[in-house]
Amino acid sequence: MAEGMNGKRFLFVLRRFPIGGPQALEALDAALTAAAFDQPVRLLFLDDGVWQLKRGQPAASGRSPMALLGSLALYDIAAPPWVERESLEERGLTPQELTIEVTVLARDRVAALLDDCDVLLNL
Amino acid sequence: MAVLHIVKHSPDASQALRRCLARVGPSDSVLLIEDAVYAPASDAALRCAGKIYALLPDMAARGLTRNPLQGDVEYVDYAGFVQLVVNHDKVISWN
């Protein structure tokens with residue numbers, strides 16, 4: 001819990017479908033904003049949030065978070081982001097079908113990741 | 001180090017409770033508020049790695065009482081809600 005020189009450690013839990021509402025994009029925007037202010041930021045994609053990572057979404061499909069995903073490294077976001085294995089499996093997705101490289105995490109490891117931050121945001 | 005997970009939707013209206021319970025750690029707690037207090041009122045098994053609490057004022061507002069079949073559920077009033085927030089490092093709301 002130490003608040004080090006690099007500010008608070010943020011974990012953004014992203015659980016929304018990519019399009020159909022502004023929430024997914026706004027959540028990713030918030031994460032990138034925190035990172036732009038030099039806060040250590042981690043991303044965890046859970047539940048329907050894993051659809052944000054699906055390869056093959058047309059870039060022009062509304063306000064999709066797709067375009068931002070490629071720029072995570074520019075913002076010093078801890079890469080690759082975490083994705084829960086069971087969330088992928090329940091939706092018939094594999095890591096190979098995702099648009100970016102991810103760290104696959106088993107469900108029974110999620111609680112520990114949620115605890116390993118200073119600020120926890122479930123968006 | 002512990003996380004307080006807050007759920008406010010009934011299990012029928014939303015997957016939030018089920019999804020939350022699957023990600024609770026052993027030192028974490030779950031607090032059921034608003035329509036989520038219907039969950040312990042039913043006999044469906046409520047299980048997770050941590051503790052489960054239900055907010056009594058929200059139960060009273062819905063005419064619900066403590067369910068003896070849900071022996072693992074503990075009950076708190078508003079002061080207890082505050083104490084839970086104080087006792088955990090982080091709070092996460094599941095929608």
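The values are calculated or read from the model by the stated rules, or taken from the named source; none is laboratory data. All values derive from a computational prediction rather than experimental measurement. Note: ideal-geometry Cβ built from the backbone for every residue, glycine included; neighbour counts use all protein chains shown. SASA here: full protein model, heavy atoms, side chains in, ligands and nucleic acids out. Shrake-Rupley method; radii C 1.70, N 1.55, O 1.52, S 1.80 Å.
Taking a probe of 1.4 Å, how large is the accessible area per residue of the stretch A:80-123, in Å²?
Details: 1980 Å² over 44 residues.
Value for the stretch A:80-123: 45 Å² per residue.
As a test, work out the antiparallel percent of DSSP beta bridges whose residues both lie in the stretch A:1-97, rounded to the nearest 5. Walk me through the intermediate numbers first.
On the way: 1 of 8 bridges.
Of all bridge pairs located within the stretch A:1-97, approximately 10 percent are antiparallel.
Other chains' Cβ within 10 Å of B:22-29 residues: what's the mean? Intermediate values should be presented prior to the final figure.
Details: counts 8, 13, 3, 8, 2, 2, 3, 0.
Going residue by residue through B:22-29 and averaging, the value is 5.
Compare each residue of the stretch A:87-123 in its chain alone against the assembly with all protein chains, and report those whose accessible area goes down by 40 Å² or more; 1.4 Å probe, heavy atoms.
A:Arg107, A:Ala111, A:Leu114, A:Asp115, A:Leu120, A:Asn122
Give me the summed buried accessible area for the B-A pair, 1.4 Å probe, to the nearest 100 Å². Display every interim value, and only then the final one.
On the way: alone 5400 and 6750 Å², together 10660 Å².
Buried area (both sides, nearest 100 Å²): 1500 Å².
What percent of all Cα-Cα pairs in the protein assembly as shown falls in each 5 Å bin, counting up from 0?
Going from the shortest bin to the longest, the percentages are 1, 7, 14, 18, 18, 15, 12, 8, 5, 2, 0.
Excluding same-chain residues fewer than 8 positions from B:Lys8, which lysines have a Cα within less than 28 Å of its Cα?
Of all the lysines, those that pass the test against B:Lys8 - Cα under 28 Å, at least 8 places apart if same chain - are A:Lys8, B:Lys51, B:Lys90.
What residues from the stretch A:25-48 fall in the zone where the backbone N is under 17 Å from a label point 7 Å along the Cα-to-C-beta line of A:Leu74?
Under 17 Å, as judged by backbone N against the label point of A:Leu74, lie A:25-26, A:28-38 of the stretch A:25-48.
How large a share of the accessible area of chain B, in percent, is made up of carbon and sulfur atoms when the probe is 1.4 Å and the other protein chains stay in place? Each step should come with its number before you reach the end.
Numbers: 2370 of 4650 Å².
That share works out to 51 percent.
Among A:Gly21, A:Phe45, A:Leu32, which residue has its Cα positioned farthest towards the positive end of the charge dipole of the stretch A:3-45, with +1 placed on the Cβ of Lys and Arg, -1 on the Cβ of Asp and Glu, and the dipole taken about the Cα centre?
Projecting each Cα onto the dipole axis, the largest value belongs to A:Phe45.
Work out the FRET efficiency for A:Lys8 and B:Glu34 from their Cβ-Cβ distance, taking R0 = 41 Å, and round it to the nearest 0.05.
On the way: r = 29 Å, r/R0 = 0.70.
About 0.90, to the nearest 0.05.
Write down the accessible area per residue of the stretch B:54-95 in Å², having rolled a 1.4 Å probe over the full set of protein chains. Don't skip to the answer; put the middle values down first.
Values: 2410 Å² over 42 residues.
Accessible area per residue: 57 Å².
List every residue whose amide H lies under 5 Å from the amide H of B:Tyr53, counting only residues 5 or more places away in sequence or on a different chain, with H placed 1.01 Å from N in the peptide plane.
Hits under the 5 Å cutoff: B:Val30, B:Leu31, B:Leu32, B:Glu74.
Once both labels are modelled 7 Å past Cα along the beta-carbon direction, what's the B:Ala45-B:Asn95 spacing in nm?
Using points 7 Å along Cα→Cβ, the separation is 3.2 nm.
Over chain A, with every protein chain in place, what whole percent of the accessible area is carbon and sulfur at 1.4 Å, could you tell me?
Details: 3270 of 6010 Å².
Heavy-atom surface of chain A belonging to carbon and sulfur, 1.4 Å probe: 54 percent.
Just to verify a number: FRET efficiency for B:Glu74 and A:Phe17, C-beta to C-beta distance, R0 = 41 Å, to 0.05?
On the way: r = 35 Å, r/R0 = 0.84.
The calculated FRET efficiency here is 0.75.
Suppose each label sits 7 Å from its Cα in the direction of the beta carbon; what would the A:Thr99-B:Ala60 distance come out to in nanometres?
5.0 nm
Using only the Cα atoms of the stretch A:22-122, build the gyration tensor, take square roots of its eigenvalues as a ≥ b ≥ c, and label the shape rounded, prolate or oblate: rounded if a/c is under 1.5, else prolate if a/b is larger than b/c, else oblate.
Details: a/c = 1.70, a/b = 1.03, b/c = 1.65.
Cα axes put the stretch A:22-122 in the oblate bin.
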